[in-house]
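For reference, the structure is listed below as structure tokens.
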Amino acid sequence: MEGSSIATMGRDEPRLAPRRRLLPAAVLVIVLAAALILPQLTSNQFYIHLANLMLLNSIFAVSLGLIASVGQISLGHAAFVAAGAYVSALAALSFKLPPILGIVLAGLVTGLAAVLLGKILLRLRGVYFVLVTFLAGQVFTLIVLNWESVTHGANGLLGIPAISIFGLPLSTRLRFYYFALAAFIIVVTFVWALMRSQYGRAFRSIAENVRLAESSGIDVSHYQIVAFALGSGIAGAAGAAMVHYIRFLSPDSFTFNDSIAYITMLVVGGRHTMIGGVLGALFLTPLPELFRGFVGAQHIIYGVILLSVLLFIPNGLVSIGRSFFSKGSEPETPK
Amino acid sequence: MSKALQVRDIHVEYGHRVAISGISLDVAPAQIVSLVGSNGAGKTSTLRAIMGLRSPSQGEINFGDVRIDRMSPPDIVSQGIALSPEGRRVFPRMTVHDNLLVGGYLQPQGSSLHASVERMFGFFPKLRQRRDQMAGLLSGGEQQMLAIARALMAAPKVLLLDEPSLGLAPIMVQEIGRLIETINREQGLSIVLVEQNANLALRLCHYAYVLENGRIALSGPGAELAKSDYVQRAYLGV
Amino acid sequence: MSAALLEVDAISRRFGGLNALKDVSFSIKTGEIVGLIGPNGAGKTTCFNVVSGVMSPSSGAIRFEQRSIVGKKPSAIVSEGLVRTFQATTIFPDATVIENVMRGAFATTPVSMLGSIFNTRAARTALSATRSRCELLLERLSLLQFRQRRAGELSYGGQRRLGVAIALAARPKLLMLDEPVAGLNPEEAADFGRLIKELHKTENISVLLVEHHMRLVMGLCDRLVVLDHGEKIAEGVPAEIRANRSVIQAYLGAEEAA
Amino acid sequence: MRGFLKVALLSAACAVSSYSASAQTLKLGVLATLSGAGTAWGMAMQGAAELAAEDVNSKGGLEVAGKKYKVEIVAYDDHYKAADALTAFNRMVYDDTIKFVVGPLGSAPALALLPVSTENKVITMTMAFTPKALSADYKYSFRPVIPSDVFSDPQIKWVVQKLGAKKIGGLFPNDESGQQVGAANEAAYEAVGAKFVAKEFFERERVDFVPLLTRVLAKGIDAFELNGNAPQTAGLLVKQLRELGFKGPIIRTGGDATADILKVAGKDATENVYVHQPINTDSPAIQEYTKRFETKYKTPLNAFSPFFYANVQMVFAAMQKSGTVTDSDKVREALLGLKDFETLLGKVNWIGEAQWKSNQQLDAPFYVAQLKGGAAQVVAKCTPKVCE
Amino acid sequence: MDYSILLAQAVLNGLVIGVMYMLMAVGFTLVFGIMRVVNFAHGEFYMLGAFTGFFTYVYWEIPFIVCLLIAALTIGILGMLVERTLIQPFRSDEMSGMIATLAISVIIQNGAVLLWGPQPRAMPDIVTGTLAIGPFSFPWSRLVVIAAAALIFTAFWLFMQRTRLGRAMRAVAQDTETALIQGIRVNYIYPLAFGMSVALAALAGALMGPVFSVSPFVGLTPMLKAFVVVILGGLGSVPGAVVGGLLLGMIESFTATIFGSLMSDILQLLLVILILLVRPAGLLGQREA
């Protein structure tokens, strides 16, 4: 996963020399091993909680990146996360549906909703799509807030059960961590495989030149909807997973600010790459904790760091990693 | 009114793409100079370099005794060079009148500016009729006139015209041609004319350069070039 | 040989109150090279857009291999074998040259989408076959040496050729070229003409060509269709067109008059 | 996976700091809204904790079982959001190993972290008005402030009888507390023979209420109820009601907003306004606290602050009584055992057995005041049963 | 209450919030039109304007109109500095620029909390009393807002239409490069336009201060509404912002009076989405090439 990216994958990179291929593979193995072992070494539940949020946020950012890979930025992504969360939470509370199935259901429902919405909204491109998704997200929040008979309105949903796998409830942070890690690996692998496939080729074609993509026989509306539905479906499923971890859900849980947060992760990490979204989430999620003690100034420091990253690492955190791996052999091509 | 424009061996690149590799031109006062060549030959890039929109990586551009190739476009405008860009590029949601006023942005404001506007209306009576219309609603030919008039509002000593005939009906092309001659004659302005319509360009000019692949392939007085075998074959479709 | 490959039957297209195309009809037989000429604003590009499905005609019928293609998406029309290029250079500037052509071959790569996700043996085989085909195309267009370069870095002429390579990768039966040599120098233009002729011969591709370069058009085309103000004013072999009075008035004469 | 490096570094840094500080220190958490629109309430809670800590620290620390503990306040922001509150609370519980927390603020954060506080036996002093915040199942959750569903009934009865109001109107924010209060209020008014003829909800961000008030006034109301609205909103409502020409009584039967109503609406608009007053502003102890708070924080006192101050004092007393600062079970027992505890609020007790099967709700006297000439004058003293 | 009174009340109220939305949206759309920046910090400048108006009026006790001028000037200059230092680096990158303005918004808002505390402050009325016309009564405080906003907007409009700088700004908005070759120094136009834009927001804030109240958080609502207005009227279109602002104000006022607040909010958003789908560029917007 490391080193390859949405932007460069499928670009038919020059075959790497065996040693150059080995380095990323070795890094991958080490990182994976660390991810498996590290949580065992700490007894501090807080870090594990933080790690869980980092994994979930990574999935949100990657799923948004999938939508962005057809050149469309959604400002309503949190609405899909919330929709998934509500589907699974309500299914668990009202119909006693096991959360693990609820997560699947959430993914399907939000994906399907994205297909229907996409047919209408994806006619717009660029900044207009950004704006209409913003509005759609606002409408969703209002509906959830006011459809009290189903969503309990602002009161929120309490007592949402934890995920349970073969009778083992994932009620501790550590257990959920391994579940989230598995989900993260599945999602990242899936998106990586997708972007390497003909789908990825179609997505990138559309992002780069819609007209030419269409006249190359690529059905633009179809592939845009596929990307939107998959991205939204993954977000919905991850939202569901999150709600069975937090176990409380209200209309405030996922709002416009969260949509913005996901975009920020993508941009700070490096928006043209999948791994960028992951890096952004891993960097920004724990960032506020570093200065949580400075109440009041906390947000100011966060804002300053965000600005600094944008100013001094304009291509995102991923550009640091990439220059490390490529050792300057391949000149950076400006967008 | 007697400054000469000199371009000395300029090179321009866009990223890895070389647009111009060593072009030199001379534009004497009150002279019409045409640049002829196909798309991508470097004609527009040359005008953009003169105008300061893209600095050359090598070479020099001098206007009189002032070196201008490191100046910003506004500074170059204030030196007395104006460009009517390719595709006309009028400000579509501004009136004809406002377009002209913007053209005179660096000129002293007030009554002398309004006198200039009146002069333009004298030159282009059609524009007077459309004074308060949005420029985007004008026909192609009228937009072209507006673009030229707007450039003239800067009271330039050298006028750069990029493809003034592009996309115009033949009758309009002829009218624009006449206008160019008139401007040159009456105002004593130097004009650098970039044209795909080689016929028109060679007929109007005193001197012409044929550009190919970012270099000058041929140069000479317009009438002479028009007679050359090579030009006839390649550009006049004879 | 005599069956019409493309039949354009009385198509019209209006923008607001403006008639960009009015009752235009023509047809192209298999194996023909047909030129579409006319002054700027005559409706050539609109005609291209309507035939390739980018916009739908206000009225009229378009048949490709006897099947109506009106209302079909451009991508579906491409799959039928009708492929176009665009006036300006249209490539995917950020992708490599070979990836550009692979994208052009998207619809003609016999691979299941799922298969390509799981990278099955069948998918790998199909993709590598496509890749070989694309490399062949690049070779013919003298672009092979640049296969790993970013397409945006190619020269102007290189980008134009790449545009054609992308179109050819879709295995067209009818190739619609929109001003393919605009902006090329005379030598390049002549080379380009030879290339089209050769492709036409070896790949058995029919061609519809919009072009202002009269030498190329006259030398290349079997037949010409002339548009002016959205209407067809003449049709015939090059020699007839050259002698046609109304064509001279509307179009060719413009040069003389100037 | 660079994030893990970050966490590792973070954990190292925190381990060092918490080790060096743990020797004779008692850490008290404050988890409240310290940014955004709820900041005023959050600061009231933070200030209360800090002032109570100052009291004991100035005497060399809190003496428990012969040892002196310096009280240190650890304040985190919950952003008024459940997920953020949970993260901050996790850090408090697991990283800072805090057992006593002033907070959380707001119903969503409170509900979201009940399982964690129960599991880890962390005593919380909640400012959340949802009835679900207290329960025998969540036995470490205490509420030192007065929620309107418990206390508004006697006031409504008193006000309705005194003013003879028949038709009541009200606007409530469309959030958890707004929806609760709206329903409770309507029931309480109807119980004493008045009728709630106009009840409207609005989105929290709204600042212009004139269209809604126009709508409410069109129903011909005698009196207007302000309960459930944030202090600033209450002030705006009074101001805009008066601008629309409404001259009838305006009532607020729960939640302190007096200072803000006076500030926002101004002197003239606040005649004929009756407000719930959680504290007796005439009491010297309260006046002294107000002065202390306002000198230190340069911001007007929010009337909930003394409740948290009193509550922290009670926790300290319970620690001394039980002889431990770590065993929250023992401290909880001792806390519940405090009877008629003397505070700046007067004598206070724990109640709630009837509603929640557990005494986790603070009982303190409260007041009804009338606004006159830009100041509040207490006109009745109340208990949960009756106002006089 | 009589229906005609209800109606008059709704119209007046629609006008008040409409002009506020208009002032906010005009500045917002100006910056987008000229610089392609979606300025999420726009609301914070509204807030800063409200505070400036508050402090100058309450502590210096100078005429309110002078307070307005001071607010516009100081916040305008602050805006120019912010543009020069923090927004200019993102000129070619809309997405990073948008996130940069978010960061700026976070910094300004929390800085205001640190400086001035979270408490809302009530501003004394500038004028009191009501204007009674027959059965209708209109509070002067609101009428003053409408009049002032109309005046400010007229001044702005004249500046844009009749002055050299105003024309230059419009030219830059329509075609930056062509503006450059008319001799317009685009690098000075950007900070100037940004400064003017936030000065308009500051004026809106200072004007609304006495009507509502002043706190570090008052900027959020006008900012979100400006966002909606600009979508409705067309991104980058000043006339669109005017029409959109007044229209949204009226829609909000009438739907809230007739259907209540919740329906009003949903109806507004649905209407805007519908308009966007039918006319993607908004009511008066220009489709981008």
Taking E:Met20 as the residue in question, decide whether it is within 9 Å of another protein chain (Cβ to nearest Cβ) and either in contact with a strand residue (DSSP E or B) (Cβ under 7 Å, 6 or more places away or on another chain) or closer than 12 Å to E:Leu203 by Cα (or both). yes
Are there any strands (runs of 3 or more DSSP E) wholly within region C:15-97 with 2 or more residues that are over 13 Å from the mean Cα position of the chain (by Cα) and assigned by TED's automatic domain parsing to the domain that holds C:Val226, and if so which? C:18-29, C:59-64
Can you pull out every residue in region A:212-228 that is within 8 Å of chain C (Cβ to nearest Cβ) and either in contact with a Phe, Trp or Tyr (Cβ under 7 Å, 6 or more places away or on another chain) or acidic (Asp, Glu) (or both)? A:Leu212, A:Glu214, A:Ser216, A:Gly217, A:Ile218, A:Asp219
Those residues of region E:170-180 which are open to solvent by 30 Å² or more (accessible area, probe 1.4 Å) and closer than 18 Å to B:Met51 by Cβ amount to E:Thr176, E:Glu177, E:Leu180
Filter region E:181-225 down to the residues that are within 14 Å of chain B (Cβ to nearest Cβ), buried (at least 24 other Cβ atoms within 10 Å of the Cβ) and either out of contact with any helix residue (DSSP H, G or I) (no Cβ under 9 Å at 6 or more places or on another chain) or not polar (S, T, N, Q) (or both) and list them by number. E:Ile181, E:Ile184
Hey, can you tell me all the residues within region A:127-171 that are within 11 Å of chain D (Cβ to nearest Cβ) and open to solvent by less than 50 Å² (accessible area, probe 1.4 Å)? A:Gln138, A:Thr141, A:Leu142, A:Leu145, A:Asn146, A:Gly153, A:Ala154, A:Asn155, A:Gly156, A:Leu157, A:Ile160, A:Ala162
Taking E:Thr130 as the residue in question, decide whether it is among the β-branched types (Val, Ile, Thr), modelled with pLDDT of 80 or more and surrounded by fewer than 19 Cβ atoms within 10 Å (Cβ to Cβ). no
Out of (1) over 17 Å from D:Gly47 (Cα atoms); (2) outside the structural domain of D:Gly66 (by TED's automatic domain parsing), the odd one out for D:Asp256 is which? (1)
Taking region B:65-120 and keeping residues under 17 Å from the mean Cα position of the chain (by Cα) and within 7 Å of chain E (Cβ to nearest Cβ) leaves B:Pro73, B:Pro74, B:Val77, B:Ser78, B:Leu83, B:Pro85, B:Arg89, B:Gly103
Regarding D:Val197, is this residue within 30 Å of D:Thr126 (Cα to Cα) and assigned by TED's automatic domain parsing to the domain that holds D:Glu243? no
Of the residues that sit in region C:132-173 and are closer than 30 Å to C:Leu6 by Cα, of a type in the set (Lys, Arg) and open to solvent by 60 Å² or more (accessible area, probe 1.4 Å), which one is farthest from the other protein chains (Cβ to nearest Cβ)? C:Arg140
Give me the residue from region B:204-223 that is buried (at least 16 other Cβ atoms within 10 Å of the Cβ) and not in a strand (DSSP E or B) and, out of that set, farthest from the other protein chains (Cβ to nearest Cβ). B:His206
Give me the residue from region D:56-99 that is without any contact (Cβ under 8 Å) to a residue 12 or more places away in the chain and part of a loop (DSSP other than H, G, I, E, B) and, out of that set, farthest from the chain's Cα centre (by Cα). D:Gly66
Filter result (surrounded by fewer than 21 Cβ atoms within 10 Å (Cβ to Cβ) and closer than 30 Å to E:Ala193 by Cβ) within region E:248-268: E:Met250, E:Ile251
Condition test on C:Arg103, is it within 8 Å of chain A (Cβ to nearest Cβ), part of a helix (DSSP H, G or I) and of a type in the set (D, E, K, R)? yes
If you check A:Leu194, A:Leu174, which single one turns out to be open to solvent by less than 10 Å² (accessible area, probe 1.4 Å) and either part of a helix (DSSP H, G or I) or touching a strand residue (DSSP E or B) at 6+ places or on another chain (Cβ under 6 Å) (or both)? A:Leu194
Go through the residues of region D:364-379 one by one and say whether even a single one is closer than 27 Å to D:Ile98 by Cβ and in contact with a strand residue (DSSP E or B) (Cβ under 8 Å, 6 or more places away or on another chain). yes
Matching residues, region D:322-376, being open to solvent by 40 Å² or more (accessible area, probe 1.4 Å), among the β-branched types (Val, Ile, Thr) and more than 29 Å from D:Ala257 (Cα to Cα): D:Thr326
From the list A:Gly280, A:Gly276, A:Gly231, pick out the single residue that is within 18 Å of the chain's Cα centre (by Cα), at pLDDT 95 or above and either within 14 Å of chain C (Cβ to nearest Cβ) or in a helix (DSSP H, G or I) (or both). A:Gly231
Residue by residue through region B:51-79, note down the ones that are among the small types (Gly, Ala, Ser) and surrounded by fewer than 21 Cβ atoms within 10 Å (Cβ to Cβ). B:Ser55, B:Ser57, B:Gly59, B:Gly64, B:Ser72, B:Ser78
Taking region D:270-299 on its own, how many of its residues are open to solvent by 40 Å² or more (accessible area, probe 1.4 Å), farther than 28 Å from E:Val211 by Cβ and modelled with pLDDT of 90 or more? 8
What residue, among those in region D:342-388 that are modelled with pLDDT under 85 and β-branched (Val, Ile, Thr), is farthest from D:Ala188 (Cα to Cα)? D:Thr383
Checking the condition at the interface with another protein chain (Cβ under 8 Å from one of its Cβ atoms) and in a helix (DSSP H, G or I), which residue from D:Val238, D:Val264 passes? D:Val264
Can you tell me which of (1) touching a Phe, Trp or Tyr at 6+ places or on another chain (Cβ under 7 Å); (2) closer than 22 Å to D:Phe304 by Cα; (3) assigned to a helix (DSSP H, G or I) is the one D:Met125 doesn't meet? (3)
Quick check, is A:Gly236 within 21 Å of A:Ala92 (Cβ to Cβ) and either in contact with a helix residue (DSSP H, G or I) (Cβ under 6 Å, 6 or more places away or on another chain) or assigned to a helix (DSSP H, G or I) (or both)? yes
Does any residue of region B:183-203 turn out to be open to solvent by 70 Å² or more (accessible area, probe 1.4 Å) and within 13 Å of another protein chain (Cβ to nearest Cβ)? yes
Whether any residue in region D:249-269 is open to solvent by less than 40 Å² (accessible area, probe 1.4 Å), over 26 Å from D:Gly36 (Cα atoms) and at pLDDT below 85 is what I want to check. yes
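The values are calculated or read from the model by the stated rules, or taken from the named source; none is laboratory data. Everything numeric here is computed off the predicted structure, so don't read it as measured data. Cβ sites come from the backbone with ideal geometry, for glycine too, and all protein chains shown count toward neighbours. The area values use the complete protein model at the heavy-atom level, side chains included, leaving out ligands, DNA and RNA. Shrake-Rupley method; radii C 1.70, N 1.55, O 1.52, S 1.80 Å.
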